[in-house]
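Worksheet for the structure shown next.
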Amino acid sequence: MKILAFLIMLLCTLSFNVLSQNVTEIPLPEEFVTTMDVASEYPMVRTGYLTDSISDITRFYQQKLGEPLKTNGNSTYRTLFYNYQERKVRISLYRSNYMTEVSIIIE
């Protein structure tokens, strides 16, 4: 019985670890500076900033992940919606003071 319980715990841990790697698999622009990374629970979140414009970052994600399912915003803020590995992904961009804040959220 103890062996069975151990195997179940091991499988649950492995499954959770595989899922928790999703946020780290979302591509990041080369000069991305991470300010927060929460990969241990849902929603998974990675935030950071770049000096690139919102248009440049949008092009980067279009090249890496394809066309978003939906896009909201303008030249100051924009949100890109994707499905990635069967999860909903939201990439929010906010431009302020020559920097663009990027938040990647996986539900």
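The values are calculated or read from the model by the stated rules, or taken from the named source; none is laboratory data. Computed from a predicted structure; not experimentally measured. FYI the Cβ positions are ideal-geometry reconstructions off the backbone, even for glycines, and counts take in every protein chain you see. Calculation scope for accessible area: heavy atoms of the full protein, side chains included, ligands and nucleic acids excluded. Shrake-Rupley method; radii C 1.70, N 1.55, O 1.52, S 1.80 Å.
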Obtain the nm distance between the two label points defined at THR34 and SER96 by a simple spin-label model: each point lies 7 Å from its Cα along the Cα-to-C-beta direction.
2.3
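Counting only heavy atoms of protein chains, what accessible area per residue, in Å², does segment 38-107 have with a probe of 1.4 Å?
Details: 4110 Å² over 70 residues.
Value returned for segment 38-107: 59 Å² of accessible area per residue.
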Please give the length that would be gained between LYS70 and GLU86 if that part of the chain were fully extended, namely 0.36 nm times their separation in residues minus their C-alpha to C-alpha distance (nm, one decimal).
4.2 nm
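Net charge within 12 Å of TYR61 by Cβ-Cβ distance, Lys/Arg positive one each and Asp/Glu negative one each, not counting TYR61 itself?
Net charge around TYR61: +1.
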Using the per-residue mean of other Cβ atoms lying within 10 Å as a proxy for protection, in what order, highest first, do the peptides 34-44, 51-61 fall?
51-61, 34-44
